[in-house]
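What follows is a single structure, written as structure tokens, with notes after it.
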Amino acid sequence: MIWKEDVECLDPAGLKAVQSEHLKKLIPYIYHHCPVYKQKLDVAGVAPDSIRSIDDIKRLPFTTKEDMRDNYPYGLFSAPQEQIHEIHVSSGTTGNPTLVGYTKDDLALWGDVMARVLCCAGAEPGDTIQIAYGYGLFTGGLGFHYGALTMGLRIIPTSSGQTARQLKIMQDFKPRIIGCTPSYALYMAEEAKDMGIDPRQGNWKIGVFGAEPWSESMRHEIEEAWNMLATDVYGLSEIIGPGVAQECAHKDGLHTFSDVFFPEIVDPTTGEEVREGADGELVITTLTKQGIPLIRYRTRDIVSINHQKCRCGRTSPRISKIKGRTDDMIVVRGINVFPSQIEHVLVGIEGTQPHYQIVVDRKARKLDEVEVLVEVEQKFFSDEIKHLNEIRDKIRKEIEAVLSIGVKVTLVEPKTIERSMGKSKRIVDKRTL
Ligand code: DLL
């Protein structure tokens, strides 16, 4: 089932027409309602009535996280305060948080795109969904809630945490759909086993997992552990929250809802569009939002894009899983390090688990030191020490080959690395730079 077949299966010309109509209305709207954007457009030399089609988007200036911080709290809002009915705040920032506000129509749009997400994942009207994303200022819980309401699902709003209760609810109320972060899904599988519950016999059959990076191997682990289909949902508070892109059952890229959130992939350094299929930074324009519409917002998420029609029938462009961030890179002794490079090494080594943490420190000799903590299966600890050392050396050598810097690898027992009910923390940077 496709929630909005009329737009999700449009031919390219039809889609372009829809996008162009939206952009033609959006630019005069923000120009006349948001002084910050008026100034940005004036500086870029873009007259508000000069937009003819979606192709004109390239003439528009980018919006960055700094623009949002600098104009905190309401500077980038286009709608008057009395029309803002809900406010959310983005997580994980320092200094001023990123604040976003929704008008009534924005909330309806959120419900709509999230219904498209849930449908794309395989939910059907009448299904029950357990929403184990945090409710509150974080957009996860309420975003899923509005989508499930719009779609007519039965909602169990557990929010995150209280794992034993989550599992009891799963067993008693038999929801077919679960929404939570992928790391929490794995954590719940471990807890279930400890409680004597076989997760493979559980009731969740479709997972809608996102809010943090996760690899194909983590997907495999989750699907094996729970005997379910694990799909990827992407979004960010600045654009709407969850509801920007979602995988269908083919798991071959995340369908964007490009009739309302227009995606571009640019070179993070030059801002120029990259060729189809190449990695670059995802930039999004909200074509129909009213509260805080954003033009060409630099997400800092690295993806590639594919405009081919999907086997499911949807024609909207698909983005790859998030491959990294332009800002989660750490620089160690002058070398750029992405957590995904380390994860990639671990995936290829049997017996390691998808739980790892990178600790960077700068000690006495003022040289950056990197320690990678890796959880390995319990059985290795009862094995000969020689075997444990062999795996450790193998991991160390492979990471060093990829990063070209020396690292210390420490193998730890399962469940040593702190688990998160929300987004997991991969890097601990102890340096005072
Ligand atoms: O994490 C919204 C969300 C909630 C998405 C629930 C999916 C499910 P923020 O807290 O503003 O919003 O964080 C947004 O999280 O720029 C990405 O770097 C990362 N992120 C979100 N989804 C994914 C994903 C929500 N599926 C930031 N894969 C984004 C990788 C993701 N990273």
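Answer yes or no: is there a residue in the stretch 266-289 that is within 16 Å of the ligand (Cβ to nearest atom), open to solvent by 10 Å² or more (accessible area, probe 1.4 Å), in the same structural domain as Ser20 (by TED's automatic domain parsing) and more than 30 Å from Leu373 (Cβ to Cβ). Break it down into steps so the answer makes sense when it comes.
Step one: list which residues in the stretch 266-289 are within 16 Å of the ligand (Cβ to nearest atom), which gives 266, 268, 279-286, 289.
Still in the running and open to solvent by 10 Å² or more (accessible area, probe 1.4 Å): 268, 279.
From what's left, in the same structural domain as Ser20 (by TED's automatic domain parsing): 268, 279.
Filter once more, so that each one left must be more than 30 Å from Leu373 (Cβ to Cβ): none.
Among the residues of the stretch 266-289, not one is within 16 Å of the ligand (Cβ to nearest atom), open to solvent by 10 Å² or more (accessible area, probe 1.4 Å), in the same structural domain as Ser20 (by TED's automatic domain parsing) and more than 30 Å from Leu373 (Cβ to Cβ), which makes the answer no.
Restricting attention to the stretch 307-341, the residues that are within 16 Å of the ligand (Cβ to nearest atom), within 26 Å of Val376 (Cβ to Cβ) and not in a loop (DSSP other than H, G, I, E, B) add up to 5.
Results for (1) out of contact with any Asp or Glu (no Cβ under 9 Å at 6 or more places or on another chain); (2) closer than 17 Å to Tyr234 by Cα; (3) away from the ligand (no atom under 14 Å from the Cβ), shown as yes or no for each residue.
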| residue | (1), (2), (3) |
| --- | --- |
| Asp55 | yes, no, yes |
| Arg59 | yes, no, yes |
| Gln81 | yes, no, yes |
| Asp106 | no, no, yes |
| Gly122 | yes, yes, yes |
| Asp127 | yes, no, yes |
| Gly141 | yes, yes, no |
| Gly147 | no, yes, no |
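Inspect the stretch 162-181 for any residue being in contact with a strand residue (DSSP E or B) (Cβ under 9 Å, 6 or more places away or on another chain), open to solvent by 10 Å² or more (accessible area, probe 1.4 Å), within 16 Å of the ligand (Cβ to nearest atom) and under 23 Å from Leu137 (Cα atoms) and give the result as yes or no. No, there is no match, as no residue in the stretch 162-181 is in contact with a strand residue (DSSP E or B) (Cβ under 9 Å, 6 or more places away or on another chain), open to solvent by 10 Å² or more (accessible area, probe 1.4 Å), within 16 Å of the ligand (Cβ to nearest atom) and under 23 Å from Leu137 (Cα atoms).
Mind listing whichever residues of the stretch 396-433 are of a type in the set (A, V, I, L, M, F, W, C) and under 17 Å from Val332 (Cβ atoms)? Within the stretch 396-433, Ile399, Ala401, Val402, Leu403, Ile405, Val407, Val409, Ile427, Val428, Leu433 qualify.
Per the conditions (1) touching a residue at least 24 places away in the same chain (Cβ under 8 Å); (2) open to solvent by 10 Å² or more (accessible area, probe 1.4 Å); (3) within 12 Å of the ligand (Cβ to nearest atom); (4) out of contact with any Ser or Thr (no Cβ under 7 Å at 6 or more places or on another chain), the sole criterion not satisfied by Tyr135 is (4). Screening Ala245, Ala211 for residues that are in the same structural domain as Pro317 (by TED's automatic domain parsing), within 11 Å of the ligand (Cβ to nearest atom) and open to solvent by less than 20 Å² (accessible area, probe 1.4 Å) leaves exactly one candidate, Ala245.
The strands (runs of 3 or more DSSP E) located wholly in the stretch 144-213 that include 1 or more residues which are modelled with pLDDT of 95 or more and more than 18 Å from the chain's Cα centre (by Cα) occupy 154-156, 177-180. The set of residues from the stretch 214-228 being open to solvent by less than 40 Å² (accessible area, probe 1.4 Å) and in contact (Cβ under 8 Å) with a residue 24 or more places away in the chain comprises Trp214, Ser215, Ser217, Met218, Arg219, Ile222, Ala225, Trp226, Met228.
Would the stretch 398-407 turn up any residue that is open to solvent by less than 40 Å² (accessible area, probe 1.4 Å), away from the ligand (no atom under 16 Å from the Cβ) and among the hydroxyl-bearing types (Ser, Thr, Tyr)? There is no residue in the stretch 398-407 that is open to solvent by less than 40 Å² (accessible area, probe 1.4 Å), away from the ligand (no atom under 16 Å from the Cβ) and among the hydroxyl-bearing types (Ser, Thr, Tyr).
Has the stretch 334-342 got at least one residue that is within 30 Å of Ala79 (Cα to Cα) and within 20 Å of the chain's Cα centre (by Cα)? No, the conditions are met nowhere in the stretch 334-342.
The values are calculated or read from the model by the stated rules, or taken from the named source; none is laboratory data. Bear in mind the structure is a predicted one, so any value in this text is a computation, not a measurement. Positions of Cβ are backbone-derived with ideal geometry, glycine not excepted, and every protein chain shown enters the neighbour counts. Areas reflect the complete protein model, heavy atoms only, side chains present, ligands, DNA and RNA absent. Shrake-Rupley method; radii C 1.70, N 1.55, O 1.52, S 1.80 Å.
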